[in-house]
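Every number in this text was worked out from the coordinates using simple rules, so none of it is lab data. From a predicted model like this one, the values you see are computed outputs, not experimental measurements.
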Amino acid sequence: MDCLFCKIVNGEIPSKKVYEDDSVYAFYDIAPMAPVHVLIVPKEHIASVNEVTAENSAVISHIYEVAAKLAKELGIADDGYRVVTNCGANAGQTVFHLHFHVLGGTKLKVEMC
Ligand code: AMP
Ligand code: ZN
């Protein structure tokens, strides 16, 4: 499958890994929008929130567990941070492999994101 984040998960394309386990992979965003900007993705290819079902949704709660753990480790948990996923064109999704942005390290703008 010609998917950028599948290739990152498989190691075909390099990334700055932050965390990995059996079902998820986390790495630094190549174009950070905040001092801390990490992406957490399921290893399984799920294109977007539109493709989350009862069969594959367990990884979503796990992603939030990982987000909480990484926020503590990266020192942004106490001051606060944002976890966001874009779905489809109107949200500006550019990579169609489900991913959660973890953004922190500064006062984030209160916009629709
Ligand atoms: P989205 O716009 O929500 O689909 O987010 C896609 C994100 O992937 C953007 O923040 C990009 O900067 C990021 N991105 C694209 N290519 C790479 C890459 N090779 N390594 C790390 N992050 C990437
Ligand atoms: Zn993929």
Taking alpha-carbon centroids only, region 54-113 lies from region 21-40 a number of Å equal to 9 Å
With the 8 Å Cα cutoff and a minimum separation of six or more residues, the chain has a relative contact order in percent of 30 percent
Note, region 81-96: 3J(HN,Hα) by Karplus (6.51, -1.76, 1.60, θ = phi - 60°), whole Hz, Gly/Pro = x, goes 7, 10, 10, 9, 10, 9, 10, x, 4, 5, 8, x, 5, 10, 10, 8
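Roughly what percent of Cα-Cα pairs across the chain reach past 17 Å?
Cα-Cα pairs of the chain separated by over 17 Å account for 53 percent.
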Karplus ³J(HN,Hα) for region 52-63 (6.51 cos²θ - 1.76 cosθ + 1.60, θ = phi - 60°; Hz, whole; x = Gly/Pro) runs 7, 9, 4, 6, 10, 7, 4, 5, 5, 5, 5, 4
Which residues qualify? For residue 25, with a placed amide H closer than 5 Å and at least 5 residues away or on another chain, they are 41, 43
By the Kirkwood definition, with r running over pairs of different Cα atoms, region 44-92 has a hydrodynamic radius in Å of 12.5 Å
